[in-house]
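The values are calculated or read from the model by the stated rules, or taken from the named source; none is laboratory data. Worth saying up front: this structure is predicted, and the values here are computed from it rather than measured. With ideal geometry, Cβ positions are generated from the backbone for all residues, glycine too; neighbour counts draw on all protein chains shown. Only protein heavy atoms, including side chains, enter the accessible area calculation; ligands, DNA and RNA are left aside. Shrake-Rupley method; radii C 1.70, N 1.55, O 1.52, S 1.80 Å.
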Amino acid sequence: MSLPAAIVSLLFSSAPAHADLKLCNRMSYVIEAAIGIDDKAATATRGWFRIDPATCRVVMQGALTADRMLLNARALGVYGASPIPQSGTDTLCVAQDNFVIAAARQCRSGQTPAQFTQIKPTQTDDGNLVAYLAEDSEYDDEQARLAGIQRLLVIAGYDAAPIDGVDGPKTQAALSAFLKSRGLASDVVQSPTFFATMIDAVQKPSPTGLTWCNDTPHRVMAAVATEDGKVVTSRGWYRIDPGKCLHPDVSGTPKQIYSFAEAVDGDNRTIRIKGKPLSWGGTQELCTRDSKFEVNDQGDCANRGLTAIGFAPVDMTSGGKTLRFAIP
């Protein structure tokens, strides 16, 4: 699955802040948002606020007196290697799970720096303030919801491409097949918890394609590589939370698939057991980097500022393979 670049698009206004602040998601991803509150000498952050496509969520209540409001948004780990780029100019601290950080410009243990974008929300007729998160596709609410369903269907292994927010026989056939396979009635699609239902299904082992499952109490970061007979492309990182599974986006019919994964702590440092890193790989050295990457040239990794890591080949002859990461 190819992930299009997604950007945070915000409606601006100089309207005074008098009421609740809402974030509205017009993206095809379920996102988690964090806000920054810059008030004179102090800057605080809080998150994560989960927001489904085509829905809004109040993230602050009451009069807003802050000098500046800032925003960071991330897609759930189920979508793969960080499909939402951040281009903000403020670097503030966040944590992996729900958090409130009072002094957010100096990160402590368990906190990591993240890019935040300043926002100036629009005041609506009801007196509230609203900011919209959007993609290049500029979906309206109905299109965003359908595109979000299409995206999760594709990840779950159903052919609902292209992800365009446009309904049609192909999308309906994929959705019907998904509902039937899970024993769900058709009216569940209109349920406010339908995205949670789909994500739960995606995070379980699949009989087709490659599935990673994290059986450790730690967060696992994984990378995948594919060989088409000419080029080996390595791609990462994919976040797999404890007790969850994930299907990396492997398109086409590659001749060989490779996998590498490692367990990390809250500061993204590799977990070590008896002095050895808790990782799952092999002897096929391929290029990676610390942040999101996609590398097509596997030669001379070090001189290009990349890190060579040993990947393991994955036997896909049965049509599906589940790799389970566990503590030895």
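Within the range 253-263, is even one residue open to solvent by 70 Å² or more (accessible area, probe 1.4 Å), among the acidic types (Asp, Glu), within 22 Å of Thr112 (Cβ to Cβ) and out of contact with any Lys or Arg (no Cβ under 8 Å at 6 or more places or on another chain)? Checking the range 253-263: not a single residue is open to solvent by 70 Å² or more (accessible area, probe 1.4 Å), among the acidic types (Asp, Glu), within 22 Å of Thr112 (Cβ to Cβ) and out of contact with any Lys or Arg (no Cβ under 8 Å at 6 or more places or on another chain). Candidates Ala173, Ala223: the one that is open to solvent by less than 10 Å² (accessible area, probe 1.4 Å), out of contact with any helix residue (DSSP H, G or I) (no Cβ under 9 Å at 6 or more places or on another chain) and either under 30 Å from Gly281 (Cα atoms) or at pLDDT 90 or above (or both) is Ala223. When Ser2 is tested against the conditions (1) within 30 Å of Gly252 (Cα to Cα); (2) modelled with pLDDT under 95; (3) within 13 Å of the chain's Cα centre (by Cα), the lone failure is (3). For Asp125, indicate whether it is acidic (Asp, Glu), out of contact with any helix residue (DSSP H, G or I) (no Cβ under 6 Å at 6 or more places or on another chain), surrounded by 16 or more Cβ atoms within 10 Å (Cβ to Cβ) and free of Cβ contacts under 8 Å to residues at least 60 places away in the same chain. The answer is no for Asp125.
Take Gly36 and decide whether it is over 30 Å from Trp212 (Cα atoms), part of a loop (DSSP other than H, G, I, E, B) and open to solvent by less than 20 Å² (accessible area, probe 1.4 Å). Write out each step before concluding.
Details: over 30 Å from Trp212 (Cα atoms): yes; part of a loop (DSSP other than H, G, I, E, B): no; open to solvent by less than 20 Å² (accessible area, probe 1.4 Å): yes.
The answer is no for Gly36.
Okay, residues lined up against (1) at pLDDT 90 or above; (2) more than 17 Å from Asp267 (Cα to Cα):
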| position | (1), (2) |
| --- | --- |
| Ile51 | yes, yes |
| Ala81 | no, yes |
| Ile84 | no, yes |
| Cys107 | yes, no |
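Among the residues of the range 269-328, those that are open to solvent by 30 Å² or more (accessible area, probe 1.4 Å), in a loop (DSSP other than H, G, I, E, B), over 19 Å from His247 (Cα atoms) and among the β-branched types (Val, Ile, Thr) comprise Thr283, Ile327.
Counting only residues that are more than 12 Å from Arg46 (Cα to Cα) and open to solvent by less than 70 Å² (accessible area, probe 1.4 Å), the range 86-110 holds 6 of them.
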